[in-house]
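The values are calculated or read from the model by the stated rules, or taken from the named source; none is laboratory data. Only a predicted model underlies this, so the values are computations on that prediction, with no experimental measurement involved. Neighbour counts run over all protein chains shown; Cβ positions are idealised from the backbone, glycine included.
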Amino acid sequence: MRAVTKSELAASVPELLDEANQQSILITDEQDRELGVLISMKDYEFMRKARAQSFLETARKMGEEIRVRAEAEGISMEEIARILDRKAPE
């Protein structure tokens, strides 16, 4: 990964966008503090999909845990659904 300052970024956006398709570019300030990363759209889409898959897997596991606990307490999934559909008091 190559590092550039935000001043360099501002001065050469088109070239850096092209370069980001080959490697990620770390954006720093003049004191070398890391501010962000310029990445390719392909890398962004990969990370976005991975994050969505992780979220869905977590939600699936939580749903299974709720089902198991509800079953142990004698609560039906229909009752859980009714509870979850209720509006919170204002």
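Taking each residue of the stretch 36-51 that is more than 18 Å from residue 4 (Cβ to Cβ) and looking for partners that are surrounded by 11 or more Cβ atoms within 10 Å (Cβ to Cβ) with beta-carbon atoms closer than 9 Å, six or more apart or interchain, yields 41/20; 41/21; 42/21; 47/39. Restricting 69, 33 to residues that are loosely packed, with under 10 Cβ neighbours inside 10 Å and free of Cβ contacts under 8 Å to residues at least 24 places away in the same chain narrows the list to 33. Tell me yes or no: at least one residue of the stretch 23-45 is farther than 30 Å from residue 83 by Cα, among the hydrophobic types (A, V, I, L, M, F, W, C), part of a helix (DSSP H, G or I) and at pLDDT below 95. Scanning the stretch 23-45, I find at least one residue that is farther than 30 Å from residue 83 by Cα, among the hydrophobic types (A, V, I, L, M, F, W, C), part of a helix (DSSP H, G or I) and at pLDDT below 95, so the answer is yes. When residue 72 is tested against (1) over 27 Å from the mean Cα position of the chain (by Cα); (2) part of a helix (DSSP H, G or I); (3) at pLDDT below 90, only condition (3) is not met.
Only one of the numbered conditions (1) of a type outside the set (Val, Ile, Thr); (2) assigned to a helix (DSSP H, G or I); (3) surrounded by 10 or more Cβ atoms within 10 Å (Cβ to Cβ) is not met by residue 78, and that is (3).
Yes or no, residue by residue, for (1) within 30 Å of residue 24 (Cβ to Cβ); (2) in contact with a helix residue (DSSP H, G or I) (Cβ under 6 Å, 6 or more places away or on another chain):
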site: 50; (1), (2): yes, no
site: 66; (1), (2): no, no
site: 70; (1), (2): no, yes
site: 80; (1), (2): no, yes
site: 83; (1), (2): no, no
